[in-house]
């Protein structure tokens with residue numbers, strides 16, 4: 001038995017889960033928020049208990065020490081030497097990595113070099129790794145890349161129709177993200193369907209504040225909605241998704257904003273928040289819909305259209321689809337959004353949906369389609385931390 005900790009380090013947060021492997025028992029999980037501030041929040045859950053600590057957490061080193069101290073204090077482990085492996089989420093592996101790998105000095109340097117492609121994420125992922133590596137010197141570490149699952153996309157899908165030298169010189173291409181989530185839910189759904197993942201076609205919909213879809217053919221990603229950055233694709237909580245790129249220079253002229261400022265608007269002030277003027281949270285949008293707010297209604301319709309359009313294009317690309325899968329915070333819990341999307345594609349795809357069951361389903365694995373449906377429709381909660389733990393065990397041969 002090995003204890004493996006799965007780590008997802010952001011610029012101001014750190015999520016973690018400690019697993020007993022290979023049984024996949026979750027021993028504890030938690031999150032540290034507001035790293036770098038005086039009012040940091042540390043939450044840890046174990047044995048049906050929840051402990052919340054509020055204190056200054058000035059950097060990731062302090063955050064990691066809080067996690068490890070809590071494991072000992074609450075007797076989740078008797079010694080830190082019990083932790084044999086640490087799996088780290090790394091957002092961008094570029095074209096260098098199509099699978100998880102053990103973290104070495106070379107891999108660390110590669111992740112650092114790829115920071116140009118993910119300036120908000122890769123540096124934070126490395127900070128988390130370095131902090132854990134210092135405090136757990138006897139544990140081995142694995143990098144699990146968000147982009148790896150999508151490295152099976154064919155060249156005619158990931159290439160952008162811009163001067164080809166921009167790809168050869170700067171590696172500008174479609175990469176895709178949420179790979180651990182798309183990988184997990186596709187494999188889990190195949191098990192639920194009693195089908196071999198290597199002979200199954202799916203469209204997986206990871207819908208949350210950040211959102212992406214993936215076309216999966218015979219278990220491999222052949223297309224995904226996010227692109228060179230996570231800004232591309234469908235409309236999201238605060239991100240615009242795909243727009244006419246000429247809008248950027250148009251807004252620069254009209255508003256006197258720099259290119260960076262316009263991109264900031266597209267990343268942080270667009271999507272559901274930008275259209276509704278209410279919130280980036282679908283729950284707030286739904287409350288406003290119930291009150292007849294026209295902009296909330298438009299936001300809901302626009303979101304459904306964007307997702308349905310992408311499902312339709314992947315349906316054509318795949319030729320046939322065995323399942324559509326909803327996951328992510330929104331996909332798992334928002335029945336109204338699922339219904340809006342499904343009603344837009346049900347005629348074309350021959351779907352037969354139990355909408356009453358859909359309205360009652362939140363956060364659990366459930367088959368929403370009826371037996372006569374040509375395509376099965378599932379809700380499958382994602383578990384990216386479990387993917388990280390599994391990959392860590394596999395890579396390290398534990």
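The values are calculated or read from the model by the stated rules, or taken from the named source; none is laboratory data. These figures come from a predicted structure and were not determined experimentally. For neighbour counting, all protein chains shown are included, and Cβ atoms are generated from backbone atoms with ideal geometry for every residue, glycine included.
Of note:
- Test: residue in region 300-321 that is outside any helix (DSSP H, G or I), closer than 28 Å to residue 195 by Cα and in contact with a helix residue (DSSP H, G or I) (Cβ under 7 Å, 6 or more places away or on another chain): yes
- Segments classed as helices (runs of 4 or more DSSP H), wholly inside region 137-206, with at least 1 members that are over 19 Å from residue 327 (Cα atoms): 155-158, 165-170
- Sole exception among (1) more than 19 Å from the chain's Cα centre (by Cα); (2) in the same structural domain as residue 320 (by TED's automatic domain parsing) for residue 202, by number: (1)
- Some residue of region 127-139 being under 30 Å from residue 245 (Cα atoms) and touching a residue at least 24 places away in the same chain (Cβ under 8 Å): no
- Among the residues of region 259-315, those that are surrounded by fewer than 20 Cβ atoms within 10 Å (Cβ to Cβ) and touching a strand residue (DSSP E or B) at 6+ places or on another chain (Cβ under 9 Å) comprise 313, 315.
- From 161, 154, residue being out of contact with any strand residue (DSSP E or B) (no Cβ under 6 Å at 6 or more places or on another chain), surrounded by fewer than 13 Cβ atoms within 10 Å (Cβ to Cβ), without any contact (Cβ under 8 Å) to a residue 12 or more places away in the chain and not assigned by TED's automatic domain parsing to the domain that holds residue 108: 161
- Boolean, residue 395 is touching a helix residue (DSSP H, G or I) at 6+ places or on another chain (Cβ under 7 Å) and modelled with pLDDT of 95 or more: no
- Restricting 264, 218 to those that are without any contact (Cβ under 8 Å) to a residue 24 or more places away in the chain, closer than 24 Å to residue 175 by Cβ and touching a helix residue (DSSP H, G or I) at 6+ places or on another chain (Cβ under 6 Å) reduces the list to 218.
- Residue check for residue 108: surrounded by fewer than 21 Cβ atoms within 10 Å (Cβ to Cβ), without any contact (Cβ under 8 Å) to a residue 24 or more places away in the chain, in contact with a helix residue (DSSP H, G or I) (Cβ under 8 Å, 6 or more places away or on another chain) and closer than 22 Å to residue 384 by Cα: yes
- Every condition in (1) modelled with pLDDT under 95; (2) out of contact with any helix residue (DSSP H, G or I) (no Cβ under 8 Å at 6 or more places or on another chain); (3) closer than 25 Å to residue 190 by Cα is met by residue 283 except one, and the failing one is (3).
- Selection from region 175-199 of residues that are in contact with a helix residue (DSSP H, G or I) (Cβ under 9 Å, 6 or more places away or on another chain), surrounded by fewer than 19 Cβ atoms within 10 Å (Cβ to Cβ) and in contact (Cβ under 8 Å) with a residue 24 or more places away in the chain: 187, 195
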